[in-house]
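Read the structure below first, then the notes.
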Amino acid sequence: GYLRTIAPMFAQFFILTPNGDTIILRDYRGENLKGSAEIFYQHIKIAKGDASPFFNVEGLHFAFTKQNGLYFVLTSKQNLSPSLSIELLTSLGKLFKDYCGILNEESIRKNFVLIYEILDESLDFGYPQSTSTEQLKMYVQEEPVLVDESTLSSFEKLMWMNSKKITSKASNKSIIQDAGAKNEIFVDLFESLTLLFNANGSILKLEINGTLQMKSFLRGNPEIIVGFNEYITLGRGVKNLGDINFHESLTVQEFSERELVISLFPPDGQFTALNYRMCPEDLQPPFRVIPYIDFPVPNSYYRIDFTVKVRVLNSSSFIYSIKRNIFLDTRTFS
């Protein structure tokens, strides 16, 4: 005998606004799944922001991600692969952004013909084909309708106004450029800091996860070379890089302790050049978390006052907003 693996097929793809309006709907299988968008939105509304990214309603499987306030949803009568579904939804979001420049409700509405053309090339009868911007560029013929800056959200406007984030503004452009457009590439470095404190506020674990993201508008697909700071070390150290993974277009033969150089032929559009993890030993975090627990009623555990304070240690740091998520037991009243 032999083992035959069949890739899962998707019945529908649609995009919903936060109000539940369907702005994009592509039915690939013709399985008469009427009302699936309404079923999805009712489930999300009942869950009140705590819905699982995968769920089943009366034999219909749903998988979704939320990108820039929009719901990107896949449906199927078959059991969906979680990793494939999330990867496909994320890649489609990046693909739309590459062509439209900005990914929001206004850009989707103005470029709905372009979006449908991309969907027809990306999936064939519900089977994923390609989500590569460079490969689809020769097949997608529709010209994008550029969206004005005034349609951006308040957070996106804040990022545009920040002079240190000028690359974020510049990279919000469509890959479909005029003949006289600049020959350029934009590079963004994103880092997230994960900290674990004990009850006394001392650090138990500190980890930095970074992403080197690029968006290329270079003509002719030339080779570029990227060098890293000489203070970066591989393995264990004060400023070390570990668990690095590279994009398929990168050449890493010269990436070592001595060279720290990578070369690549950047594909069109936005892509992640590399991801890395750092575990510095002597890094001072920008803030500290101090918890306070109090029992206002003596000899009683029915009421506990729990206070969490966040203290900024470096006042010169650029901090735009702080969001604290505190998870409580479902039996907690307030």
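The values are calculated or read from the model by the stated rules, or taken from the named source; none is laboratory data. From a predicted model like this one, the values you see are computed outputs, not experimental measurements. Counting neighbours? That spans all protein chains shown, and the Cβs are built from the backbone with ideal geometry, glycine included. Please note that ligands, DNA and RNA were not included when accessible areas were found on the heavy atoms of the full protein model with its side chains. Shrake-Rupley method; radii C 1.70, N 1.55, O 1.52, S 1.80 Å.
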Exercise. Determine the gain in length on full extension of the stretch Ser192-Thr17; use 0.36 nm per residue of separation and subtract their C-alpha separation, reporting nm with one decimal.
Key: 60.2 nm
Exercise. Compare the Cα positions of Ser83, Gly20, Val57 along the charge dipole of region 1-110 (+1 at Cβ of Lys, Arg; -1 at Cβ of Asp, Glu; about the Cα centre) and return the one farthest towards the positive end.
Key: Ser83
Quiz item: Under a Cβ-Cβ cut-off of 12 Å, what is the net charge of the residues other than Ile118 that fall near it, where Lys and Arg count +1 and Asp and Glu count -1?
Solution: -1
Quiz item: Say R0 is 30 Å: what FRET efficiency, to the nearest 0.05, do Leu146 and Thr251 get from their beta-carbon distance?
Solution: 0.30
Self-check item: Accessible area per residue in Å² at 1.4 Å probe, computed on region 52-104
Solution: 37 Å²
Quiz item: Around Asn198, what is the net charge, scoring Lys/Arg as +1 and Asp/Glu as -1 over all other residues with Cβ under 12 Å from its Cβ?
Solution: +2
Quiz item: What are the ³J(HN,Hα) values, in whole Hz, obtained from phi via the Karplus relation 6.51 cos²θ - 1.76 cosθ + 1.60 with θ = phi - 60°, for each residue of region 185-193 in sequence order, with x given for Gly and Pro?
Solution: 9, 10, 10, 10, 10, 10, 10, 10, 10
Exercise. Give me the percent of the accessible area of region 47-106 that comes from carbon and sulfur atoms, probe 1.4 Å, all protein chains in place.
Key: 49 percent
Quiz item: With labels modelled as points extended 7 Å from the Cα through the Cβ direction, what inter-label distance (nm, one decimal) is found for Glu38 paired with Thr307?
Solution: 5.1 nm
Self-check item: Residue-by-residue Karplus 3J(HN,Hα) for region 245-251, coefficients 6.51, -1.76, 1.60, Hz, glycine and proline x
Solution: 10, 10, 5, 5, 7, 8, 10
Quiz item: Going down the table (Lys94/Lys137; Lys94/Lys173; Lys97/Lys137; Lys66/Lys182; Lys34/Lys137; Lys137/Lys182), which pairs top 22 Å between alpha carbons?
Solution: Lys66/Lys182; Lys34/Lys137
